[in-house]
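Notes follow once the structure below has been shown.
The values are calculated or read from the model by the stated rules, or taken from the named source; none is laboratory data. Since the model is a prediction, treat every value here as computed from it, not as a measurement. Cβ placement follows ideal geometry from the backbone for every residue including glycine, while neighbour counts extend to all protein chains displayed.
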Amino acid sequence: MLYGTLVLPERRLGHVIMLIVVLFAAAMPVMHMRGAHYGEIAKQPCPSCT
């Protein structure tokens, strides 16, 4: 990522590298939340509340 922004800031390759990094960064929350069952976790009783 730093190579694209610092070494190639005004070149097409630098823009392509930054675009790829941005797409991965935007997809990161989706990838992390796909497998989790947040609804089931929220319905479980609190173990420290009893």
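There is at least one residue in region 2-15 that is surrounded by 11 or more Cβ atoms within 10 Å (Cβ to Cβ), of a type outside the set (A, V, I, L, M, F, W, C), in contact with a helix residue (DSSP H, G or I) (Cβ under 6 Å, 6 or more places away or on another chain) and modelled with pLDDT of 85 or more. Considering (1) loosely packed, with under 10 Cβ neighbours inside 10 Å; (2) in contact (Cβ under 8 Å) with a residue 12 or more places away in the chain, the lone condition that MET33 does not fulfil carries the number (2).
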